[in-house]
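Asks: Pasting in a structure now, in structure tokens, and then I'll have a few things to ask.
The numbers here are math on the coordinates, done by the rules we state, and not lab data. For clarity, every value in this text was computed on a predicted model and none was experimentally measured. When we count neighbours, we look across all protein chains shown, and the Cβ atoms used for this are built from the backbone with ideal geometry, even at glycine.
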Amino acid sequence: MTVTVAVLGCGNRGADVYARHLAAEGASVTHLVDPRPARLREVASRHGLGPEACFLDSDAFFALGRVADALVIATPDDAHVGPCLRALDLGYDVLLEKPICLEEAELDVLLAAEAASSGRVTVCHVLRATPFFRAIRGVLDSGRLGRLVGIQHAENVAYWHYAHSYVRGNWAQSPPAAPFVLAKSGHDLDLLRWFAGAPPVRVSSEGALFHFRPGEAPPGASDRCVTCPLMGCPYDARRIYTTRDPERWPVTVLTAGGVSLADALASGPYGRCVYGGGNDVVDHQAVTVVFANGVTAQLTVSAFTHDNTRTLKLLGTHGELRGHLDRGEIEVHDFRTDVAELLTADVGGNHGGGDLALVAAWLAFLRREAGVPTSLAESLDSHRMAFAAERARRRTTVERV
């Protein structure tokens with residue numbers, strides 16, 4: 001059975017990740033929607049599609065009715081819910097990029113729409129699909145840690161990644177982008193929910209925009225890196241982008257549609273000084289979540305790290321697990337025997353192999369070889385935690401979920 005898939009939003013995630021993996025796994029990408037004509041033509045050429053299969057707006061695409069088995073929605077953060085509701089109304093199964101929405105009330109709207117549709121929504125929580133986190137889930141399920149008591153999870157964003165995505169990039173301001181804890185750590189909150197095995201009940205949080213502000217700019221700094229006379233800035237766009245593989249993210253974000261890297265740095269958003277005041281999202285945040293079964297989890301997310309990875313500890317009554325995603329290393333310490341075991345997991349590929357693994361799991365569902373990878377209701381808990389964390393951070397309160 002050849003599964004047919006339309007892709008709404010042909011950016012890095014929609015076209016370079018999901019469409020590419022879907023085609024490689026045997027699906028047929030049949031329709032594309034994106035408001036940028038040059039990008040639309042570029043992606044269409046990859047899949048052998050003519051202009052009749054390409055649309056500059058979703059209204060024209062949805063006017064066709066249901067023309068494929070499934071739909072990928074990878075539009076900007078504030079343009080997910082509307083297309084997903086229209087897709088469900090037509091009976092599409094949907095692979096929906098996170099974050100799902102910017103308003104908490106929309107979560108229940110989407111859940112009700114799915115219940116009334118023959119289609120099902122799979123949220124792109126790719127970390128659940130990685131061999132690394134699945135191995136951790138396997139240790140939990142084995143009972144070797146006893147009963148889970150606590151989780152300590154750190155998302156190390158990396159200084160250059162934060163500058164790319166959350167100062168210069170599409171997630172620099174909320175709204176229109178989701179709050180930082182949802183845009184960046186929605187995956188991590190979903191992992192906490194998965195490991196805890198129960199719904200969240202209370203959330204508290206602290207965080208702020210500490211460094212990436214006009215008052216932090218060194219004297220003499222220019223408004224663009226290519227004209228800046230200062231040397232040694234860790235956020236110099238010339239160093240960040242010219243020293244990386246031009247065929248891979250993040251450089252491909254700058255050069256999409258045939259733009260040269262030099263032109264992108266000279267006139268595009270990714271060449272701006274990080275102290276220019278164009279962003280308002282926090283650069284560090286700590287979140288505490290209490291789950292219905294008593295498990296307590298702490299999430300720390302920070303721009304001020306060298307590594308771009310996740311590290312975590314799972315604390316149980318009979319053992320402790322320590323994990324480092326980029327290394328693929330999982331240490332399991334058994335309190336009953338005082339023996340420590342080192343496990344390893346494959347971490348090759350984007351998101352530790354999670355992008356491809358999620359696509360494969362979604363295709364298995366579409367082929368009716370397996371169930372939906374994760375129910376929409378459970379996926380929504382990550383968003384409920386994030387919205388509660390943002391309320392708690394702004395109000396300095398403890399929030400119910």
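Asks: Output the direction-averaged projected area (hull surface divided by four) of the convex hull of the alpha-carbon atoms of segment 18-84, in nm².
Replies: Dividing the Cα hull surface by four gives the mean projection, 4.6 nm².
Asks: Using only the alpha-carbon atoms of segment 73-230, report the extent along each of the three principal axes, biggest first, to the nearest angstrom.
Replies: On the principal axes, segment 73-230 reaches 58, 46, 30 Å in Cα extent.
Asks: Another question about this same structure. Segment 245-395: Rg/Rh from Cα coordinates, Kirkwood Rh?
Replies: Result: Rg/Rh = 1.03.
Asks: Among Leu49, Ala63, Leu96, whose Cα sits farthest toward the positive end of the charge dipole of segment 8-108 (+1 at Cβ of Lys/Arg, -1 at Cβ of Asp/Glu, about the Cα centre)?
Replies: Sorting the options by dipole projection puts first Leu49.
Asks: Cα centroids of segment 160-207 and segment 226-244: how far apart, whole angstrom?
Replies: Going from one Cα centre to the other spans 27 Å.
Asks: Compute, for the chain, the length of the dipole vector about the Cα centre, with Cβ point charges of +1 (Lys, Arg) and -1 (Asp, Glu) only. Units Debye, rounded to 20.
Replies: 320 debye
Asks: Take the alpha-carbon centre of segment 50-124, take the same for segment 21-45, and report the distance between them in whole Å.
Replies: Here the answer is 16 Å between Cα centres.
Asks: Now for a different question. Under a Cβ-only charge scheme (Lys and Arg +1, Asp and Glu -1), can you give me the dipole magnitude of segment 116-194 about the Cα centre, in debye to the nearest 20?
Replies: In debye, rounded to 20, segment 116-194 gives about 200.
Asks: Residue by residue through segment 242-249, which ³J(HN,Hα) values in whole Hz follow from phi under the Karplus form 6.51 cos²θ - 1.76 cosθ + 1.60 (θ = phi - 60°), with glycine and proline marked x?
Replies: These are the phi-based 3J(HN,Hα) values: 7, 9, 10, 4, x, 9, 10, 4 Hz.
Asks: Could you tell me which residue out of Ile73, Leu110, Pro131 lies farthest along the dipole of the chain toward its positive end? Charges go on the beta carbon: Lys and Arg +1, Asp and Glu -1, centred on the Cα centre.
Replies: Working it through, the farthest residue towards the positive pole turns out to be Pro131.
Asks: A further question follows. Please compute, over every Cα-Cα pair in segment 345-401, the percentage with a separation greater than 15 angstrom.
Replies: More than 15 Å apart: 66 percent of the Cα pairs in segment 345-401.
Asks: Rank Gly323, Leu380, Cys273 by how far each Cα sits towards the positive end of the charge dipole of segment 259-401 (+1 on Lys, Arg Cβ; -1 on Asp, Glu Cβ) and give me just the farthest.
Replies: So the residue furthest toward the plus end is Leu380.
Asks: Identify the residues of segment 227-248 with backbone N under 17 Å of a label point that sits 7 angstrom from the Cα of Ala262 along the Cα-to-Cβ direction, or state none.
Replies: In segment 227-248, the label zone of Ala262 (backbone N under 17 Å from the point 7 Å along Cα→Cβ) covers 227-228, 238-239, 241-243, 246.
Asks: Oh, and also: So if I restrict to the alpha-carbon atoms in the chain, what is the Rg, and what is Dmax, the biggest pairwise distance, in Å?
Replies: 21.5, 66
Asks: Another question, then. Just to compare against my own numbers: the Cα pair-distance distribution for segment 168-226, 10 Å bins, whole % per bin, please.
Replies: 16, 35, 28, 14, 7, 0
Asks: Please get the size of the charge dipole for segment 42-167, origin at its Cα centre, with Cβ charges of +1 on Lys and Arg and -1 on Asp and Glu, quoted in debye to the nearest 20.
Replies: My answer is approximately 860 debye.
Asks: If N is the number of residues in segment 1-156, what value comes out of its Cα radius of gyration divided by 2.2 N^0.38 Å?
Replies: 1.19
Asks: While we're here: Among DSSP beta bridges whose residues both lie in segment 280-401, state the antiparallel percentage, nearest 5.
Replies: Of all bridge pairs located within segment 280-401, approximately 100 percent are antiparallel.
Asks: Rounded, prolate or oblate: which fits segment 301-346 when a ≥ b ≥ c are the square roots of the eigenvalues of the alpha-carbon gyration tensor, with rounded for a/c under 1.5 and prolate only if a/b beats b/c?
Replies: Note, shape of segment 301-346 comes out oblate.
Asks: Taking 0.36 nm per intervening residue step and subtracting the Cα-Cα distance, what contour gain separates Thr243 from Glu331 on full extension?
Replies: Residue separation times 0.36 nm, minus the Cα-Cα distance, leaves 28.3 nm.
Asks: Can you list the HN-Hα couplings for segment 8-17, worked out from phi with the Karplus curve (6.51, -1.76, 1.60; θ = phi - 60°), rounded to whole Hz and with x for Gly and Pro?
Replies: Listing the rounded values in order: 9, x, 9, x, 4, 6, x, 9, 7, 9 Hz.
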